[in-house]
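Below is one structure, written out as structure tokens; the observations come after it.
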Amino acid sequence: MRKYFQGLFFLLFFGLNLPAQTLVAHKKPKLIVNIVVEQMRYELLQRYMNKFKEEGFKKLIRGGSFCENAEYDYLITESAPGYATLATGTTPSGHGIVSNVWYNRLKEKKIYCVEDNALPNSLPHFDNHKYSPHYLFGSTYSDELKIASFKQSKVIGVALKDYAGILMSGHLADEVYWFDDETAYWTSSVFYTDSLKEWVKRFNEKQIIDVYLSRKWKTLLPINLYKESLADRNAYEYGFGDGKTVFPHDLKELSKEYGKAIIKYTPYGNTYTKDFAIAAIVNERLGKDKYTDVLNIGFSTPAYINELFGVRSIELEDVYLRLDADLAHLIHFLEDFVGKGDFLIVLTSDRGCADNQNYYKELGMPVGEFNSDRSISVLESYLKAVYGRKNWVKAYYNRQVYLNRLRIDISKISLSEIQQKTADFLTEFTGVANASTASVLQTTNFSSGALRKFQNTYHPKRSGDVLISLLPGWLETGNGYDATYYKQSSPYRYDAHVPLIWYGWNIPAQKIVRPVHMSDVAVSLSRILGIAYPSGATGVAIEELIVK
């Protein structure tokens, strides 16, 4: 017993006098890899689970912490708000990215979520990519990491879509790269660099994309084994146009017709992204010093495939089976290059997705289409009958009505009154589940229910005067929307419920079945790293992940 206490005294005395940096380095992951698979609604992993190999999705789920009930808690579950929520730890009401594109009252035009016209011209030989995160309010968790490390930590973003890497990586990112459709090269903007680094140029010049596009896209497995999907030839797919909806897909011919950007609509879009992400790790030496680094990876191909073929297509299933292999390769590389237990993977999605409208209709499900053009025209007639004159609606976009504030002020009409009349009138339309006004959302706190999701989406600088929600299964047509595409969003589970997996470092193997909000991700990462929470964070740390 005495020897035990002597040993304990030795450990306490000499252990507590170890250099602080050694202790800190041991307690934190050397590299955090955030992986976002676009439009991966929760049940997709369950649907394909028996087809996955042991070293990809299964390894992450069985060896890590799987949050089974993770959800985006707001109304407009588009892609850009999802990326921003993951990074900032708050909802669109806080970070301001209310949708991919929103209407600006003062400029009377639509604003793209990462456009930055104040920037000078973009990089040589590329399109004018004047992009930055300047519309993103507040800090991200990686911004706080950069501040805490006096900018010694590296933060890099890689994604086919510009806003994916930009919003996920925050204001202080070292490098963010995305795919340029015209050149088929990885590019960036002058917000990050005056010229591409030499390793990026070398990667681009290898023309790896030509190798992928010289192939025919055939199914990874015999096509008769794809029992989790609809038949290859069905009535619910748009495909590559002109009847190009069945396997095999001739990528060489498609690239002649559509250019090299067609790779985004093939499983090799994911592989190309993974290859470039690994190149970034190697060339930037991520995870190789005492400061935690961050790599953000956006796999956008599943979203592109879903738009053309649908969520129950063999094409999408094949993409996930091949992504499973890409993930296995990435995990093995991280184990070799960074070291087992020294990296942390967070895998999730930016949003879910809906089923094909016609497919659901044939099954007998209650679905429908809300024609916004006709509805707003009828609304204008109603407001004219109530208040006289016309043009009370300035704009309509993304299930939001922007009223003509100047006309309302001149007419000395109560803004809250006309907002409420508009909301009440729209609620009577077939297919509309609910409507709320800006006045109500700014003055009332909703802690639960449908209006909580309205409130979490609403931002006074960017949202409309009236927001509406459609019934489950309903889609919007008119105003540029086409119900044959699956780009729309909703607050319902098929759009809001996504997988959330934590793997590596000191993460225990467990299933977390309690509800988790996606705004909890950035806060949990901040807690793990021992840094300040993002400035606008409203999420809470997932305590089951924290090493005691």
## Note on the structure
Of (1) basic (Lys, Arg); (2) at pLDDT below 95; (3) closer than 29 Å to residue 475 by Cβ, residue 384 fails just (2)
### Query
Inside the range 487-528, can you point out the residues that are free of Cβ contacts under 8 Å to residues at least 60 places away in the same chain and either in a helix (DSSP H, G or I) or under 14 Å from the mean Cα position of the chain (by Cα) (or both)?
524, 527
### Query
Taking the condition modelled with pLDDT under 95, assigned by TED's automatic domain parsing to the domain that holds residue 142 and among the small types (Gly, Ala, Ser), does residue 184 pass?
yes
### Query
For the range 500-521, what are the residues that are surrounded by 21 or more Cβ atoms within 10 Å (Cβ to Cβ) and in contact with a Ser or Thr (Cβ under 6 Å, 6 or more places away or on another chain)?
500, 502, 507, 518, 519
### Condition check for residue 354: among the aliphatic types (A, V, I, L, M), touching a strand residue (DSSP E or B) at 6+ places or on another chain (Cβ under 9 Å) and under 30 Å from residue 67 (Cα atoms)
yes
### Task
Filter the range 397-432 down to residues that are of a type outside the set (Lys, Arg) and within 30 Å of residue 366 (Cα to Cα), then give me how many there are.
18
### Query
Could you give every pair whose Cβ atoms fall below 8 Å, whose first residue belongs to the range 290-314 and is farther than 18 Å from residue 347 by Cβ, and whose second residue is among the acidic types (Asp, Glu) and surrounded by 24 or more Cβ atoms within 10 Å (Cβ to Cβ), counting only separations of at least 6 or pairs across chains?
305/315; 308/315; 309/315
### Task
With the condition kept exactly as written, say whether any residue in the range 207-220 is surrounded by 19 or more Cβ atoms within 10 Å (Cβ to Cβ), assigned to a helix (DSSP H, G or I) and either touching a residue at least 40 places away in the same chain (Cβ under 8 Å) or of a type outside the set (Val, Ile, Thr) (or both).
yes
### Query
What pairs come up if the first residue lies in the range 440-455 and is more than 13 Å from residue 420 (Cβ to Cβ), the second is part of a helix (DSSP H, G or I), and their beta carbons are under 7 Å apart, counting only those six or more places apart or on different chains?
446/452; 446/455; 454/441; 455/93; 455/441
### Message
So residue 468 passes all but one of these: (1) surrounded by 22 or more Cβ atoms within 10 Å (Cβ to Cβ); (2) assigned by TED's automatic domain parsing to the domain that holds residue 308. Which condition number does it fail?
### Response
(2)
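Would you confirm whether any residue within the range 317-325 is assigned by TED's automatic domain parsing to the domain that holds residue 177, at positive phi and in contact (Cβ under 8 Å) with a residue 12 or more places away in the chain?
There is no residue in the range 317-325 that is assigned by TED's automatic domain parsing to the domain that holds residue 177, at positive phi and in contact (Cβ under 8 Å) with a residue 12 or more places away in the chain.
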### Message
I need a count of the residues in the range 272-318 that are within 22 Å of residue 80 (Cα to Cα), in contact with a helix residue (DSSP H, G or I) (Cβ under 7 Å, 6 or more places away or on another chain), in a helix (DSSP H, G or I) and of a type in the set (Val, Ile, Thr).
### Response
2
### Query
Are there any pairs with C-beta distances below 7 angstrom linking a residue in the range 331-345 that is in contact (Cβ under 8 Å) with a residue 12 or more places away in the chain to a residue that is basic (Lys, Arg), with the two at least 6 apart or on different chains, and if so which?
331/59; 338/30; 342/30; 343/30
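Restricting to the range 321-371, name every residue that is within 17 Å of residue 159 (Cα to Cα) and part of a helix (DSSP H, G or I).
Across the range 321-371, the qualifying residues are 323, 326, 327, 330.
The values are calculated or read from the model by the stated rules, or taken from the named source; none is laboratory data. As the structure is a computational prediction, the values presented were derived from the model and not from experiment. Here Cβ is always computed from backbone atoms with ideal geometry, including for glycine, and neighbour counts include all displayed protein chains.
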